[in-house]
Structure formats: C-alpha cells, structure tokens
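The values are calculated or read from the model by the stated rules, or taken from the named source; none is laboratory data. Because the structure is predicted, anything quoted here is derived from the model rather than measured. Methodologically, a virtual Cβ is constructed for each residue, glycine included, from the backbone with ideal geometry; neighbour enumeration extends over all protein chains shown.
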Amino acid sequence: MPSLSFKTQFAGPSPSSIAHRQRIARLLEPLRSVRPHVPFYLLAAHRRPTLWALYRGLLKCSPNEDVRWRIGKVFRQYRHLTSPRQTKEQLEKGYRWLDVFTRARDGDGHLQSVLERYGRLIAAKRDKVEWTGILLAEKEWAKRLRNRPILTGAFLRPTIWNGPLPRMKPQPDHISMMIRHRRAARTNRLERQSWLFELRDAVDTEARFEDILARESDVPFEPVFSGALHREWKDGIMEQLREIQESYQRDTDRSEAKYPPKLLAQIKEARREKVRNKTRERERERSGEVIGVTHRRRRLGYPPHVSYKWSPEELRDRLIARRSISEVGYVGMVKRRLGYKIREEEDQYSDDDKMRLDKAEAAVRRENERRRRNAALRERNGQP
C-alpha cells in the first residue's frame, strides 16, 4: 500500500467531502429535536388541541351528565401537570376515552352498556363527593366560628405601625401582617435614607473638588458633578428624601390619631357584653353544669414556694376555696374561716325563699327522726 505524503495527510478535507457533509446536514435538519424556550403547557400547539379537540370532544360525546362531571373533575385534577412524560400519559388516556365515547355514540352496543354501568358508578361517587364536600365545609365553618376574632373590650393603642384599633382575640392575621410589613418598610426606609444622605454628601464633595480643580488647573475638562449638573444630581436625591420624610410624617399622624366615637361605643359595649357573658357563665356553673372554666379552676394550685409554708389542712382548705365558686355549705364555711368576704346564708335569700327552705328543712329532719326510731325498734326486736 503506497504511503501518503505529508501534504496529502494534512491538507484537510476535499471540497467534495465538505459538500457531502453539508448535504447530509440539510437532510437531518428537519429531524433534529428543537427545545422550545417556553414551557410546553404555554404553547398553542399543546393548548388548542387539548382544550378544543380533546376536552370539548369528551364533553360533547359524554353519554350522560355524571360522566361529563367526572371528565371535568379529572381535567381540573391534572391541570397543573408540568412534566411532559406524565402529561403525555394523561393525554393518551384521554384520547382513548374520546375514541370509546365516539364509538358508543355511533352505535356500538357493548360500549354503550359499559358506559351506562360506568355512569351509575360515577353517580354513586358523585353523591359521596358532594356529601364529603358539605361535611368539610361545615367543619371548616365550625372551626372559623371557634376561632373568630372577638372584641375583648381593651384598646390597641395607636403607634407608628397602626392606628387606633380595638383589641381582638385572636388578633386577625391581616392586622398582624400589616404591622409586620410596616416595621420592615420603616427599617428599609431608614437604611435608604442613610444611604441617600451619604450620596448627597458625596455629590457635594465631588462638586467642590471639580470647582477647585477648575480654578487651579489650566487643563480644560468637562465637569460631571459641578455647575448645572450639580442641581440635577441633587434634585433626584432630595426628591427621594422628601418622600421618605413624608412617610415618617404619616407614621407620626397615625400614632397621634384619635379613636372615632363609633369605635369607642363599640369597645364599651364589648366590655358590657364581657360582664354579661361572665355572669351567664357563673350561673351555669352554679346550676351544676361543668364547662371549660370549671375544668381550668379545678386545675388551679399554688406555687411550691408558697404552699410549703402551710400545713396539709390549711393547703387543703385553700385549694377547696380556690377551686369552687360556691358560697354555701361546707365550701362557704371554709371560705369564711379563711377570711373571704361572704354574706351569711340567711342574708342570701328573700323572706319567702327562707320560709320555704325552713319548711323543707323541718320535713327532712322529721323524716330522718322517723327513720332512726324505726331502725331502733327493729334492732330491739331482732329484725333485720
């Protein structure tokens, strides 16, 4: 085999070879995959066939209303898919459904019976979904009622972060976020104001330097910060400083704002309602009902550094007095012994009530005496 010369080996490809490569590249150009610069779900080539051909076709060819409802649910379920592979799988499934619906509409008896059974299944599932939605909505509404903000009767004093507001429990999220955002905005304004002051001083320093340089130098130069340009630099900076100062003035006005009369009346009415609510709560407790405040009172105790000074009997009496709202009977006796200001039992009833209670007490005493006599007679006679 004859050896190639140095010129033949390194002379590069021939013109015919270059033309052949270009011809092959032109043939392969349509086959090369092109990656779009936008997501596929924003392309009209995806949206139009999916919405107008597939979704619209499925709705038109659906055998009944229940199947149409199911198609809407499925499309809303998968509307946020961003994976091309998963989207392709769902689209292939949808086109298979469209083919089945079309064939059933054209008269295929087997597919019509299949879709009829499918519709009955969807109807049962639809009822279940609707009732589940109703129950979840009621649960969410009950949760909102339990945690709804109520007026406590106190004032949320005006500050630079908020105007005059009523104190609410729990405090609404939008009020908390408003205060938080205003705090962050004021911090940013302070930092920006400090930076603008430094920038203003730097512009003045540069302008003075250029003025001195123009007076003492014989070399001409074009000024950047001095002369007419100095005012243009300062105007933009001073405008931003004025806006920041106006925001500070708005904060001051907010902190000095007065409560409107309507809001004051609303807060005072909330105080009166709080008293009425606590009165109803105590009445429910006195009637024997166990409510949340009853459980909290029963858990009340005394700190160890205080209770260790008392004897066990004194600690027991104090816990009895603290954990009950009663003022009669044994609890009333304990509270009087501890020095509580409690009226005498006779003073807590009207004359008619006292007469009725005295009669009932006398009847109970007579019945108890009768039972004791009968028990003594049976014991003497040896009867059980």
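Annotations for the structure displayed:
- When PRO30, PRO63 are checked against the criterion of being more than 37 Å from the chain's Cα centre (by Cα) and within 16 Å of PHE101 (Cα to Cα), a single residue qualifies: PRO63.
- Filter result for LYS268 (surrounded by 11 or more Cβ atoms within 10 Å (Cβ to Cβ), touching a Gly at 6+ places or on another chain (Cβ under 9 Å) and of a type in the set (Lys, Arg)): yes
- Out of GLU138, GLU206, sole residue that is farther than 30 Å from GLU273 by Cα and either in a helix (DSSP H, G or I) or in contact with a strand residue (DSSP E or B) (Cβ under 8 Å, 6 or more places away or on another chain) (or both): GLU206
- So LYS125, is it within 30 Å of VAL100 (Cβ to Cβ) and basic (Lys, Arg): yes
- Region 267-312, subset part of a loop (DSSP other than H, G, I, E, B) and among the basic types (Lys, Arg), residue farthest from GLY153 (Cα to Cα): LYS309
- Residue under evaluation TRP233, criteria (1) touching a residue at least 24 places away in the same chain (Cβ under 8 Å); (2) loosely packed, with under 11 Cβ neighbours inside 10 Å; (3) not in a loop (DSSP other than H, G, I, E, B), criterion not met: (2)
- Boolean, ASN381 is at pLDDT below 85 and over 30 Å from THR279 (Cβ atoms): yes
- The condition of being in contact with a helix residue (DSSP H, G or I) (Cβ under 7 Å, 6 or more places away or on another chain), surrounded by 12 or more Cβ atoms within 10 Å (Cβ to Cβ) and farther than 29 Å from GLY163 by Cα holds for only one of ALA207, ALA214, that being ALA207.
- Test: ILE325 is in a loop (DSSP other than H, G, I, E, B) and surrounded by 10 or more Cβ atoms within 10 Å (Cβ to Cβ): yes
- ALA207 being aliphatic (A, V, I, L, M) and closer than 30 Å to ARG254 by Cα: no
The rows are residues; the columns are (1) modelled with pLDDT of 95 or more; (2) more than 25 Å from the chain's Cα centre (by Cα).
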residue: ASP127; (1), (2): no, yes
residue: TRP141; (1), (2): no, no
residue: ASN147; (1), (2): no, no
residue: ARG182; (1), (2): yes, no
residue: ASN188; (1), (2): yes, yes
residue: LEU199; (1), (2): no, yes
residue: ASP204; (1), (2): no, yes
residue: ALA207; (1), (2): no, yes
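- Among (1) closer than 28 Å to ALA154 by Cα; (2) assigned by TED's automatic domain parsing to the domain that holds PRO166; (3) surrounded by 12 or more Cβ atoms within 10 Å (Cβ to Cβ); (4) of a type in the set (Gly, Ala, Ser) - the single one GLY227 does not satisfy: (1)
- Restricting the search to helices (runs of 4 or more DSSP H) fully inside region 1-119 and requiring at least 3 residues that are exposed (fewer than 15 other Cβ atoms within 10 Å of the Cβ) and modelled with pLDDT of 90 or more gives 56-61, 65-77, 84-105.
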